[in-house]
Structure formats: C-alpha cells, structure tokens
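Bear in mind that the values in this text are calculations on the coordinates, not laboratory data. On a predicted model such as this, the values are computed, not experimentally measured, just so you know. Here Cβ is always computed from backbone atoms with ideal geometry, including for glycine, and neighbour counts include all displayed protein chains.
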Amino acid sequence: MSFNKIIEEVYEKVRLIGNDGQLASYIPELANVDSHKFGVHISTIDRMAFGVGNYRDKFSIQSIAKVLSLCLAYQILGERIWSRLGVEPSGTAFNSLVQLEADNGIPRNPFINSGAMVISDILVSELDNPREDFLSFIRGLSNNLGLDYSERISASEKSVGFRNVALCNFIKSFGNIQNDPNEVLDFYFDLCSLELSCKELSELFLFLANNGQTLFDNKAILTKSQCKRINALMQTCGFYDESGEFAFKVGLPGKSGVGGGIIAIHPNQYALAVWSPKLNKKGNSYKGLKFLEAFTTKSELSIF
C-alpha cells in the first residue's frame with residue numbers, strides 16, 4: 001500500500017481543525033515551543049519514506065525515550081528485568097506516587113515516571129558510562145550520529161523536577177533504586193531531553209516493526225519474543241491513563257511524550273511519527289491523536 005496520499009489527505013484535514021490543548025508549560029523550555037508546528041513522517045519495512053509538514057524539525061521526545069531505555073535494559077538483563085517492574089496499565093497519572101505505596105516500590109509499568117527511573121537505575125548499574133553508552137545505543141539503531149541530548153531541556157526539567165525527585169527517593173526507600181538517586185535522576189532527565197525530528201524518530205523505531213532487527217544492517221537488538229513484549233507494553237501502557245482510548249481509536253502500539261510527539265508501530269509494516277506540541281488533558285498530543293485515529297481508519301490497517 002502507498003501511504004503517501006492517505007497521509008497527505010489526513011494531514012490537511014487535521015491541520016485545519018482547532019488547535020486545542022495546552023503546551024507542557026510545567027517544563028519551562030517546552031512552554032516556548034511554537035504551538036502551531038505539526039509534522040508527520042512514516043518509515044516502512046519495504047524502505048518507503050514520506051513526510052509532511054514540520055517533519056524535519058527537532059523536538060523533545062520526552063517519554064518516548066522510555067521505550068528505548070527499556071529496550072537496552074531488556075537486552076542486557078533479559079527476563080530478570082520483570083522482578084523490578086510490572087507490566088500493567090497504571091490507571092493513574094504518569095507521575096503518581098499512590099500505587100508505589102501499595103505495591104512496595106514496584107512500578108506498575110516501565111513507561112510511567114517511576115518505572116522509567118527503575119530502568120534508569122538498572123542502566124546506571126550495568127553501563128560503564130550510562131549517558132554516553134545509551135546515546136551510542138540509540139545512534140546505532142538508525143545509523144544516525146546526529147542524535148543527541150539537549151542540555152537546555154535537561155536543565156529546564158531538573159529546575160522544576162521536584163515530584164520526580166520525590167518519586168525516585170520514595171522508590172529508594174523500598175530498595176528498588178540501588179544507586180544514588182541524584183545519579184539516577186541526572187540520567188533520567190538526560191534521556192527525556194533527547195531531541196529528534198519525526199523523520200529521525202520513525203527511522204529510529206523501525207526495528208520494533210521489524211521483529212527487533214535494524215533494517216539497514218539486520219542487527220538483532222531484541223529477540224522476536226522481546227520485541228513482541230515491548231510492542232504489547234506500548235499498546236497497553238504507552239499513553240498514560242489514556243492507553244485504552246488509544247487502543248480503541250487507533251489500534252496500534254505506540255508511545256507519547258509531553259513534547260507533543262507520538263510514535264506508532266505497525267508490526268511488519270511501518271513506524272509512524274507525529275508531532276504537534278499542544279496536549280490534551282491526559283498529556284498526549286491533541287492533533288497527534290486525531291491524525292493517527294483518522295490514518296488507521298482511512299488506511300483500514302491496524303493490528304486488530
């Protein structure tokens with residue numbers, strides 16, 4: 001199937017709707033983003049690529065990076081990783097402390113903030129130079145040496161990250177953070193600060209549509225089983241407490257970030273990145289969700 005015409009038609013339709021939602025103003029740097037930016041890019045298994053709008057503009061991917069850190073930790077630890085994390089939807093906000101008390105410091109899933117901090121702690125323990133080694137890992141996924149952290153955004157998040165500091169120390173009190181919380185938090189803020197364009201993001205995530213293998217050199221990043229499980233987690237937990245709504249309306253594994261980006265995966269077909277900075281009340285891109293719902297409806301392709 002040629003997706004170009006469908007993407008152009010849906011993009012134009014969604015571009016013209018009201019630009020509802022709010023910027024993630026609780027992170028100072030994200031409040032300065034042009035709220036009218038809107039980009040889409042698809043990368044397919046059969047090596048087709050197509051983008052519209054602001055698809056070459058870099059933006060802060062925020063929580064989308066949690067999928068990548070999970071992949072690296074899963075590659076290193078294998079199934080042992082699930083002794084420190086759950087795989088259930090949280091049903092609460094992404095920065096909630098409530099469930100950690102009831103669950104004795106075991107986060108419900110790797111994509112809420114507490115879960116991503118446990119993953120960060122694992123990588124701090126397992127990697128010689130976590131910041132550099134993680135960056136090398138993601139650059140290798142798409143053969144793109146231009147991927148990098150944003151010192152500006154990382155510093156902005158650290159300046160207001162009081163609730164994340166509380167989360168990390170709370171998990172530490174249960175023994176599920178093994179390193180110095182400050183070191184874990186520094187790494188966590190760095191990985192959330194990654195800046196990519198829609199084009200770069202769709203290229204980067206294509207391995208999850210390709211059974212865990214990079215397309216350009218057929219390198220196995222994850223086993224087929226691990227890849228299936230990462231996609232399953234994105235399907236059930238990728239959109240905070242709006243994950244059920246996303247599965248219902250879009251029908252693809254995906255992950256959002258409060259920078260306004262969304263990555264969606266159709267196994268064995270494509271990786272599709274959308275960016276529109278204004279967020280709905282659940283913290284997901286308003287136009288991004290509208291685009292993906294209309295795209296899977298019009299293409300008549302989802303995993304269901």
For this session: Give the number of residues within the range 86-107 that are under 24 Å from residue 212 (Cβ atoms) and surrounded by fewer than 23 Cβ atoms within 10 Å (Cβ to Cβ).
Result: 4
Seminar exercise, completed: Within the range 6-40, the residues that are closer than 23 Å to residue 202 by Cα and assigned to a helix (DSSP H, G or I) are 6, 7, 8, 9, 10, 11, 12, 13, 14, 15, 30
For this session: Look at residue 185 and say whether it is within 22 Å of residue 72 (Cα to Cα), of a type in the set (A, V, I, L, M, F, W, C) and crowded, with 18+ Cβ neighbours inside 10 Å.
Result: yes
For this session: For residue 230, state whether it is under 18 Å from residue 67 (Cβ atoms) and in contact with a strand residue (DSSP E or B) (Cβ under 8 Å, 6 or more places away or on another chain).
Result: no
Seminar exercise, completed: By residue number, the members of the range 65-124 that are in a helix (DSSP H, G or I), among the polar types (S, T, N, Q) and farther than 17 Å from residue 283 by Cα are 69, 75, 83, 99, 120
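For every residue, the table says whether it meets (1) farther than 24 Å from residue 154 by Cβ; (2) assigned to a helix (DSSP H, G or I); (3) in contact with a Lys or Arg (Cβ under 9 Å, 6 or more places away or on another chain).
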| position | (1), (2), (3) |
| --- | --- |
| 203 | no, yes, no |
| 207 | yes, yes, yes |
| 218 | yes, no, no |
| 242 | yes, yes, yes |
| 247 | yes, yes, no |
| 251 | yes, no, no |
| 264 | yes, no, yes |
| 268 | yes, no, no |
For this session: Only residues that are among the hydrophobic types (A, V, I, L, M, F, W, C) and either in contact with a helix residue (DSSP H, G or I) (Cβ under 7 Å, 6 or more places away or on another chain) or not in a helix (DSSP H, G or I) (or both): list them for the range 177-200, please.
Result: 177, 184, 185, 187, 189, 191, 192, 194, 196
